[in-house]
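**Q** Supplied in structure tokens, the structure appears directly below.
The values are calculated or read from the model by the stated rules, or taken from the named source; none is laboratory data. Bear in mind the structure is a predicted one, so any value in this text is a computation, not a measurement. Counting neighbours? That spans all protein chains shown, and the Cβs are built from the backbone with ideal geometry, glycine included.
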Amino acid sequence: MDSVLGDLEDRLGTLIHDFPRALIIGPDIDVLPMTGQSASAGFTYQRLAAFAGPDDLADLPEGPFDLIVSLLHLQAVNDVPGYIARLRAILAPDGLLTIAALGGDTLTELREAFLAADSLVTGGASARVAPMIQCAMPAACCSALA
């Protein structure tokens, strides 16, 4: 998480944009930052714990938000397009949505180790690692949403 937060800080620090209303969502609210800094101004995040309710994001705050940051929980969301659409619905027209998620090639070695062990022990294979999101256009994914 430290690496992701450092990368977020670096990326936002280059933007000449004010974020009067900023939302940050992550699996552990205690490690989410309370403040951020763009190249033009500092701002305060409204923090939201992912998976706080029975739904992926049961209680989204009222928008619009100038910045929405979603960190390291997208791989556990049941309805990814629906989740992103819900975030987009509370994003201001000129707002920024940025998402950090584990991608399709994450945990490849672990998958292969489980497959080899299952083959040796049971003669078959079981799904032991959840599928990861595949993105055909990594650089364009979020910019296409804004």
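**Q** Given the structure, is residue 108 loosely packed, with under 14 Cβ neighbours inside 10 Å and modelled with pLDDT under 95?
**A** So residue 108 fits the description; yes.
A quick yes/no check of all residues on (1) part of a loop (DSSP other than H, G, I, E, B); (2) at pLDDT 90 or above; (3) closer than 15 Å to residue 20 by Cβ:
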| residue | (1), (2), (3) |
| --- | --- |
| 40 | yes, yes, yes |
| 48 | no, yes, no |
| 53 | yes, no, no |
| 56 | yes, no, no |
| 59 | yes, no, no |
| 62 | yes, yes, yes |
| 70 | no, yes, no |
| 75 | no, no, no |
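**Q** Return the residues of segment 5-39 that are of a type in the set (Ser, Thr, Tyr) and exposed (fewer than 11 other Cβ atoms within 10 Å of the Cβ); say none if nothing qualifies.
**A** Result: 14, 35.
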